[in-house]
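The values are calculated or read from the model by the stated rules, or taken from the named source; none is laboratory data. Since the model is a prediction, treat every value here as computed from it, not as a measurement. FYI the Cβ positions are ideal-geometry reconstructions off the backbone, even for glycines, and counts take in every protein chain you see. For accessibility, only protein heavy atoms count, side chains too; no ligands or nucleic acids. Shrake-Rupley method; radii C 1.70, N 1.55, O 1.52, S 1.80 Å.
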Amino acid sequence: MLAEFTSPFDATAVRLLREAGADIIGKANCDEFGMGSLNKHSHHGPTINPFRPSSGQIEKRYPGGSSGGSAAAVAAGMCQVAIGTDTGGSVRLPASYCGISGLKPSYGLISRWGVVSYADSLDCVGVLAKEISDIRVTFGVLSTYDNRDPTSASPDMRSQSAEAIKSLLSKLEGNKDTKRPLDSLRIGVPQEFFPSELSPTIINPIRSVIRSLRAQGATIVPVSLPSTSYALSSYYVLASAEASSNLARYDGLHVRPPPGSDITKTSRNYALSRTKGFGPEVKRRILLGTYALTADAFDNYFLQAQRVRQLIRNDFNRIFSLPNFYFTDPSTITVSQEQEKSREDQIDVLIHPSAIRTAPRIDDTADKNDGDESDLDSYVQDVLTVPASLAGIPALSVPVPERYLDPKGDGWPIGVSVVGQWGSDELVMRVGEAIERLNDSPSGNNVV
């Protein structure tokens, strides 16, 4: 649809990077309009994962999506940092599959102005890099208020959140040079994030990471997020509904219609340009979203999905020790309410697997069968990433150290996610760095 389109301006995120001195070396491949979990549904064809296991076996695998091109560029050493968009896991899944780190920030901290819309209430600009220190520097440049983005978090929200987390960060800073750098930190392990679909070879590496964090002084707390099982269904209803609305602007009139479109009649031009201009996955989600917004289905699907989303957000607010300053009216948060929270019942961050499996193999027949509606495997890839997206909270995927990988596994990377309350992005990156330090081998050895 946008093959003949050249943007007349830079997105805020790109402008900020340029002003900070970054060199923009190119645009990365992604699933069409960000719709996909594998980087399979691209107009340009799938991106190939550049990671190579220590066994040396060469096989084509997906890098994850939709920002798979960004992750592949970082993993292959083509760039130091890449940006992408994360709607339901589109930065964290590629990071997990390619063996790098990827941050989905708190919703509203990085401006979405200039981002091609998929689902406005979910889209976030994310950052991918091999080192979390590079993510922190880039995030520091991008995390600023933008009055052109109506969803941008206000300066007051940012300062309130920073003030609430200051004491915990100062404690961690004081522990930095000790043998227990994570002393006083409470890490939750949610039982619902170990579903039956989770590959058995992922469980033991995640357990090893948790044990190592406990050895560094962290308190490990089992927690429950009972609404998690409904997250994936809620996500696909809401994302498809918003996509149906957002993509209605591509009508062959405001953007040049694809070659061969009939422009003699508006309705014919509208139908033919959208038929030729959208790929099968985009059309599938538009149809799903349009149905969810019809009068007959609105209450049963769209409104019900919004209710589930609020339940998921309430689950996170219940277990986190910090308040949510973006999705809660700050005037309703009082000191007495925070004092009522028992420290024993609260956690500072969550930790769980980033994906239910390692990078899926590229099946040559899959590309020919791109419109096969019976194949639902790719939709399940997001099952562990969409809860944080629905809640609008920060999540960072960090590669599990290679020495922790299960010998019975396939040797491909496994990601572990660190999730925090809204605005606690710095805390999430601190815990991610603690996981990063567990890896004795230098990063980037297993890529071509």
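One table, with the values for the structure above:
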quantity: Of the GluC sites (Glu not before Pro) in region 188-259, those whose Cβ has at most 16 other Cβ within 10 Å and which sit in DSSP loop; calculated: E197
quantity: ³J(HN,Hα) computed for each position of region 106-116 - Karplus, 6.51 cos²θ - 1.76 cosθ + 1.60, integer Hz, glycine/proline x; calculated: 4, 4, x, 7, 10, 4, 9, 5, x, 7, 5
quantity: Förster radius 41 Å - calculated FRET efficiency between V255 and V141 (Cβ-Cβ, nearest 0.05); calculated: 0.85
quantity: Most fluctuating residue given options S143, S66, S96, as computed from a GNM of the chain linking Cα atoms under 10 Å; calculated: S143
quantity: FRET efficiency, 1/(1 + (r/R0)^6) with R0 41 Å, evaluated for T275 and D149 via beta carbons; calculated: 0.80
quantity: Carbon plus sulfur fraction of accessible area for the chain, probe 1.4 Å, in percent; calculated: 53 percent
quantity: Options (i) 41, 23, 20; (ii) 34, 26, 21; (iii) 60, 22, 18 - which one matches semi-axes √(5λ) of the Cα gyration tensor in Å as calculated here; calculated: (ii)
quantity: Prolate/oblate/rounded call for region 16-84, Cα gyration tensor, a/c under 1.5 rounded; calculated: oblate
quantity: Phi to ³J(HN,Hα) by Karplus 6.51 cos²θ - 1.76 cosθ + 1.60 over region 81-96, Hz, x for Gly, Pro; calculated: 9, 9, 10, x, 10, 10, 9, x, x, 6, 9, 6, 4, x, 4, 5
quantity: Accessible surface, the chain, averaged per residue in Å² (probe 1.4 Å); calculated: 44 Å²
quantity: Neighbourhood charge, 13 Å Cβ-Cβ cut-off, centred on A239 and excluding it, Lys, Arg +1 and Asp, Glu -1; calculated: -4
quantity: Sequence-distant residues sharing a close amide H with F320 (under 5 Å, placed H); calculated: I347
quantity: Added length on full extension, which subtracts the Cα-Cα distance from 0.36 nm per residue, D345 to K176; calculated: 58.3 nm
quantity: Listed residues F320, F5, F325 arranged by accessible area, highest first, probe 1.4 Å; calculated: F5, F325, F320
